[in-house]
Amino acid sequence: MRAGVLGAGLAGEFHAEQFAKIPKVELVAIADQDSERAKKLADKHGARAFEFWEGLVESGEVDALGNALPHYLHEPSTTVAAEHGIHVLRIAGKTHGTNHSRVRSDQSILQEQQR
């Protein structure tokens, strides 16, 4: 499985480290609007750096993502990733609105059943 991380801050570093520990998972991409930070984390893991999350999601290079973007970007980035058939892991202390995590999870499950 090819994995990527959206966001290269502390949470993004955590996601990258965890993906790197999983057998049969290859960390292939990191996205962050701070291109230097994205490149630094990507280089550490032998991955490709993207400046924008949209570019990574639309690249077709990943099967799964760790979403470490700021909370206000979780909903749009997770929705677009699910529309591209990408599984998304996000760890958040709070959500904005109701049932966003459940809705996104359900959407991913439905897409998987349609394959």
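Throughout, read-outs are computed from the coordinates displayed, never taken from laboratory work. Small disclaimer: the values here were computed from a predicted structure and weren't measured. Quick reminder, even Gly has a Cβ in these numbers, built from the backbone with ideal geometry, and neighbours come from all protein chains shown.
When only alpha carbons of the range 12-97 are considered, Rg and Dmax amount to 12.2, 37 Å. Placing R0 at 35 angstrom, the Cβ-Cβ distance between Val80 and Phe14 gives a FRET efficiency of 0.95 after rounding to 0.05. Couplings 3J(HN,Hα) for the range 50-65, derived from phi with the Karplus relation 6.51 cos²θ - 1.76 cosθ + 1.60 (θ = phi - 60°), are 10, 7, 10, 4, 4, x, 5, 4, 7, 5, x, 8, 10, 9, 8, 9 Hz, where x marks Gly and Pro.
Each residue of the range 1-56 gets 58 Å³ once the volume of the Cα convex hull is shared out per residue. Length available on full extension from Leu89 to Ile22: 0.36 nm per residue minus the Cα-Cα distance, which gives 22.7 nm. Distances between placed amide hydrogens fall under 5 Å for Phe50 paired with Ile30, Ala31, Asp32, all partners being 5 or more residues away or on another chain.
Among Phe19, Phe14, a tally of other beta-carbon atoms within 10 Å of each Cβ gives an order, fewest to most, of Phe14, Phe19. Taking other C-beta atoms within 10 angstrom as a stand-in for reagent exposure, Leu89, Leu41 fall in the order Leu89, Leu41, fewest first.
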